[in-house]
1. Using DSSP, restrict attention to beta bridges with both residues in segment 307-391 and report what percent are antiparallel, rounded to the nearest 5.
2. Taking the Cα centre of each part, how many Å lie between segment 315-385 and segment 214-272?
3. Roughly how tilted is helix 184-198, in degrees to the nearest 10 and between 0 and 90, from the longest Cα axis of the chain?
4. Tell me the net charge near Ala162. Cut-off is 12 Å between Cβ atoms, Ala162 excluded, with +1 for each Lys or Arg and -1 for each Asp or Glu.
5. For each of Met347, Met284, count neighbouring Cβ atoms within 10 Å of the residue's Cβ, then give the residues from fewest to most.
6. Quick one: Cα convex hull volume of the chain, Å³ per residue?
7. Taking only Cα atoms, what is the 0 to 90° angle, nearest 10, from helix 63-74's long axis to the longest principal axis of the chain?
8. Would you compute, from DSSP H runs of 4+ residues alone, the mean residue ellipticity of the chain at 222 nm, taking -39500 (n - 2.57) per run and dividing by the full residue count, rounded to the nearest 500?
Amino acid sequence: MKILVINAGSSSIKYQLIDMTTELPLSSGIVERIGLEEGTLTHKTFIDGIENKVSETFPIPNHTVGLERVAELLTDKKIGVITDPSEIQAVGHRLVHGGEAFTKTILITNDVKAKVKELFPLAPLHNPANLTGVEVAEKVFSHASQIGVFDTAFHQTMPEVAFRYAIPNEMYEKMGIRKYGFHGTSHKYVSEKANEYLGKKETNIITIHIGNGASIAAVKNGACVDTSMGLGPLNGLIMGTRSGDIDPSIIFYLVEQKGYSIEEVSNVLNKKSGMVGLTGNFDMRDIQKHLLNGDVNAELSYKMYAYRIKQYIGNYTAAMNGLDAIIFTAGIGENDSLVRKLVCENMEFFGIEIDKEKNAARSKDIREINSEAAKTKILVIPTNEELEIARQTFELLK
């Protein structure tokens, strides 16, 4: 079975075509700047271990034009990896917010689409774009089953004591205000990989997904019992442009005393805070360069970033009453040895002791970076959200 995985944003489409007999990608790419005067498309194919890349710039007024061009490239006589779009038997869609309605992967029907629309207020920047991707894919790949994989689904195993907020009951019962969590496909993928590596199913694991967006999850015996992001993706860890945890009084102060509008506060906390607010840069590679050159703001930001992760490790170790392993994943988690070092130092009480040489080494495979004497495993596991979506799609249909 060949499965196309689509992650549609408001002005972009990320995609990957995966052959499920090998679980290897045949093609991947991204359509960007949709709706602007000139759009771009970067398309890669993987044939016999050789990568071929095509880059194009042309008007892409809407998602349909972009995805139709992707279909043309996938079936191109020279660089195509399939002969006809009908070879794609299923399209797996990343859908960000499933609320309490969707707790597992599901075949997308008209009723499902209607429910996703009802959830727009919970993810106004993501769900509308995700649904557009579904509707376009239904036209372009009409022979394929359309499958929805929700970011929030993995976290639906959280107990009520973890997902409820101490607010009036009717705000939960009538408005659905509760913790939902995100990056679920990544947390699920790496936690399962960790259990395979450890050779057991009964484990207490903390998964640390840190890229430009960042979240952390407590996974007990394969099920999520808590996570850092909440109703939306602002809460929790310090991120590239998001503040993470913040005293709500700051919002009231900015609005009531300093004259900020709610839109301005939202813009500050979502787009001008986090690492960019502390340093002027959101890319950790740039911030590390400044740190090595003696920039005090860069040094403080790194320490704050690691300190917040440490706090959550302590919280979740207590919640699970134990800890077998912590997992670093996503762009920063997989590649930034300094972040890993700062998070893991002075954590011996939790059995966390990092090996400096192992931490400095690089690999695309799962690797263990704890010292030999450490009681808690420290694992670096490359995430693969596209493969996880493809797997869940395949499991539903087989």
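Computed from the coordinates by the stated procedures, all read-outs in this text should not be read as laboratory data. None of the values given here were measured: they were computed from a predicted structure. Cβ coordinates were reconstructed from backbone atoms using ideal geometry, including for glycine residues, and neighbour counts include every protein chain displayed.
1. Here the share of antiparallel DSSP bridges comes out near 50 percent.
2. So the two Cα centres are separated by 25 Å.
3. So the inclination is approximately 70 degrees.
4. Working: positive: Arg164, Arg178, Lys179, Lys220; negative: Glu160, Asp226.
Spelling it out: positives minus negatives among the neighbours equals +2.
5. Values: Met347 19, Met284 25.
By the 10 Å Cβ count, ascending: Met347, Met284.
6. It comes to 166 Å³ per residue, whole-number rounded.
7. 70
8. Details: 15 runs with 150 residues, N = 398.
So the calculated ellipticity at 222 nm is -11000 deg cm²/dmol.
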